[in-house]
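The block underneath contains the structure these notes are about, expressed in structure tokens.
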Amino acid sequence: MQSNAGFMKALKCRECGREYPLAATHVCEFDFGPLEVAYDYALIKKSLTRAAIESRPQTMWRYRELLPVADEPTVGRQVGFTPLVKADRLAKALGIRELWIKNDAVNYPTLSFKDRVVSVALSRARELGFTTVACASTGNLANSVAANAGSAGLKAYVFIPADLEQGKILNSLIYGAQVIGIKGHYDEVNRLCAEIAGKYGWAFVNVNMRPYYAEGSKSMGFEIMEQLGWRVPQHTVVPMASGSLLTKIHKAYQEMSKLGLVSESQWHMHGAQATGCNPISHAQKAGLDFFKPVKPNTIAKSLAIGTPADGFYSLKVMKESHGYAEDVTDDEIREGIKLLAENEGIFAETAGGVTVGVAKKLIASGKIPAKDSAVLCITGNGLKTLDAVTGHCGQPREIKPSLREFETLLAAEKQLVNA
Ligand SMILES: *Cc1c(COP(=O)(O)O)cnc(C)c1O
Ligand SMILES: [Zn+2]
């Protein structure tokens, strides 16, 4: 494929519109507004057709004109194009006509949607000459940076809250990354990383590389549209930590509409949080444009950001698209995980339980009408958060290897059912 140079034009301040060179920088010098990648859509329109996309390998890079790397990606070339599953049994359980699961619980290589953002950030970091990469993470980002840096021969430092799930910690250590556990909440980890990023010449994927990193999330939206037969779904339910993924799926829908790859239609973006860390959903429900920071206390640790960087913009996207936010308790999160597992055979992490639980509430309240169609974004794998459900799924019943014992067990079960 040809070089991507020229498709991305500049970094642009979301507040004042000032433009900056395509370097490792993320805030406007004038108003501290966040910088975002700006593209030449007229140029992109000439090479990005449905036929061109369909002829390319089934990875997130089939939409490469809309992803911010200048040349061939060198990190995470196999990432993306996860299944979009028609979820008829879960649809029935939740009381909606049509339901789809976008299943990033099986994203390659570290089983969460973060492989999308990391492959873009690290490919771009290499183009800009970095040899050390880093991140502030609630877990999945650390896993993905560690793995993808390992396979690219980059040195990695990952910073996480020290009290993360064992699965998330091991899934960073195994790749040989430098794992630093901070005794504090994610927001404190993030603050420290901003200081470190200013001092060391490293590519912090979600600090100085954030404009590139965040664009990777769009690929989840591009894939949803293509997999639906080049349509924008009526409703999309997205888990929110910083709120970035929700805003970027919305941007993906806007871009493909603008490029004429999907027809114009009305869509609704809905945000999902845990009640134990709900700064964005609380503000949305109260009709506020700004969130108030909170101190997280939830089993959904991957979403536990009390001061969400894109909270303001995600509120704006929900308002513009006439979407809603909702939040669910730890018990409702576990129930959501079980609903998805029992009805669709998909084992999601706590964030998935949040998304299913919130979808259930929004459908029950009519905010997502029962006659409509919705896509739920499942963003991470349940095998990484076993702690959250351990002791809540029952126990295997043990017997001796004897047919008699088995038949006694079956008979007892029948009595239980008939009772
Ligand atoms: C990071 C993460 C999210 C949300 O990320 P944003 O910061 O809102 O973009 C959702 N689900 C999982 C599993 C995550 O790890
Ligand atoms: Zn500005």
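Rounded, prolate or oblate: which fits segment 184-314, taking a ≥ b ≥ c as square roots of the Cα gyration tensor eigenvalues, rounded meaning a/c under 1.5, else prolate when a/b beats b/c? Oblate, since a/c reaches 1.5 and b/c is not below a/b. Our Cα-only numbers for segment 226-284 put the radius of gyration and Dmax at 13.1, 41 Å.
Classification of segment 338-388 by its C-alpha gyration tensor yields a prolate form. The axis ratio a/c (a ≥ b ≥ c) is 1.5 or more, and a/b outweighs b/c.
When 307, 74, 390 are sorted by how many other C-beta atoms sit within 10 angstrom of their C-beta, beginning with the fewest, the order is 390, 74, 307. Of the residues 223, 349, 264, the one that moves most in a GNM of the chain with alpha-carbon contacts below 10 Å is 264.
Over segment 299-361, the hull volume per residue, using the convex hull of the C-alpha atoms, is 90 Å³. Determine, from the Cβ-Cβ distance of residue 131 and residue 418 and an R0 of 56 Å, the FRET efficiency 1/(1 + (r/R0)^6), rounded to the nearest 0.05. The formula returns an efficiency of 0.25 here. Take every Cα pair under 8 Å whose residues are at least 6 apart in sequence, average their separation, divide by the length of the chain, and the relative contact order is 16 percent. With the convex hull of its Cα atoms as the shape, segment 61-122 has an orientation-averaged projected area of 5.1 nm². Couplings 3J(HN,Hα) for segment 323-338, derived from phi with the Karplus relation 6.51 cos²θ - 1.76 cosθ + 1.60 (θ = phi - 60°), are x, 10, 10, 8, 9, 9, 6, 4, 5, 5, 5, 5, 5, x, 4, 5 Hz, where x marks Gly and Pro.
Among the listed pairs 92/295; 319/361; 248/384; 92/114, which are separated by more than 27 Å between their Cα atoms? The pairs that break the limit, which is 27 Å between Cα atoms, are 92/295; 92/114.
Of interest is the spacing of the C-alpha centroids, which for segment 350-419 and segment 212-268 amounts to 29 Å.
Annotation: extensible slack from residue 342 through residue 266 equals 24.2 nm (criterion: 0.36 nm per residue apart, minus Cα-Cα distance). Normalised by the number of residues in segment 65-119, the average gap of Cα pairs under 8 Å and 6 or more apart makes the relative contact order 37 percent. Counting pairs of Cα atoms in segment 37-90, how many percent are more than 13 Å apart? Roughly 67 percent, rounded to a whole number.
Taking the alpha carbon gyration tensor of segment 1-157, multiplying each eigenvalue by 5 and rooting it gives semi-axes of 28, 21, 18 Å, largest first.
Computed over every Cα-Cα pair of segment 127-177 and binned at 5 Å starting from 0, the pair-distance distribution P(r) comes out as 4, 25, 33, 22, 9, 5, 1 percent.
Charge tally for residue 45 (other residues, Cβ to Cβ under 15 Å; Lys, Arg +1; Asp, Glu -1): +2.
Length available on full extension from residue 78 to residue 54: 0.36 nm per residue minus the Cα-Cα distance, which gives 7.1 nm. Indicate the gyration tensor shape class of segment 73-191 (rounded, prolate or oblate), computed on the Cα atoms with a ≥ b ≥ c the square roots of the eigenvalues: a/c under 1.5 is rounded; otherwise a/b larger than b/c is prolate and the rest oblate. Here segment 73-191 falls in the oblate category.
Computed from backbone phi, the HN-Hα couplings of segment 11-16 come to 9, 10, 6, 5, 8, 9 Hz, rounded to whole numbers (Karplus: 6.51 cos²θ - 1.76 cosθ + 1.60, θ = phi - 60°; Gly and Pro given as x).
Each Lys or Arg adds one and each Asp or Glu subtracts one; over the other residues with Cβ under 11 Å from the Cβ of residue 359, this totals +2. A Förster distance of 30 Å, applied to the separation of the beta-carbon atoms of residue 43 and residue 316, puts the FRET efficiency at 0.60.
For segment 271-418, the Cα gyration tensor yields ellipsoid semi-axes of 38, 18, 12 Å (square root of five times each eigenvalue, largest first, whole Å). The order of 377, 393, going from fewest to most other C-beta atoms within 10 Å of their C-beta, is 393, 377.
For segment 118-133, backbone phi angles converted through the Karplus equation (6.51, -1.76, 1.60; θ = phi - 60°) give residue-by-residue couplings of 6, 5, 5, 4, 6, 4, 5, 4, 5, 4, 8, x, 6, 10, 10, 10 Hz, Gly and Pro being listed as x.
Based on the reciprocal of the average 1/r between different C-alpha atoms, the Kirkwood radius for segment 127-230 equals 14.4 Å.
Taking 343, 148, 278 in turn, the Gaussian network model of the chain (Cα-Cα springs below 10 Å) assigns the largest fluctuation to 343. Sequence-distant contacts, meaning Cα pairs under 8 Å at least 6 residues apart, place the relative contact order of segment 1-88 at 31 percent.
The Rg/Rh ratio for segment 362-419 is 1.23, where Rg is the radius of gyration of the alpha carbons and Rh is the Kirkwood radius. Ordered by the count of other Cβ atoms within 10 Å of each Cβ, fewest first, 209, 220, 240 give 220, 209, 240. At the listed q of 0.08, 0.09 Å⁻¹, the Debye profile of the chain, built from one uniform point per Cα, gives log10 I(q)/I(0) equal to -0.42, -0.53. Comparing 338, 301, 45, which has the greatest mean-square fluctuation in the GNM of the chain with Cα pairs linked when under 10 Å apart? Highest fluctuation among the options: 45.
Quick note: the coordinates plus some simple rules give every number you see, no bench work behind them. Keep in mind it's a predicted model, so treat the numbers as computed, not measured. Here the Cβ is made from the backbone with ideal geometry for all residues, glycine too, and neighbour counts use every protein chain on show.
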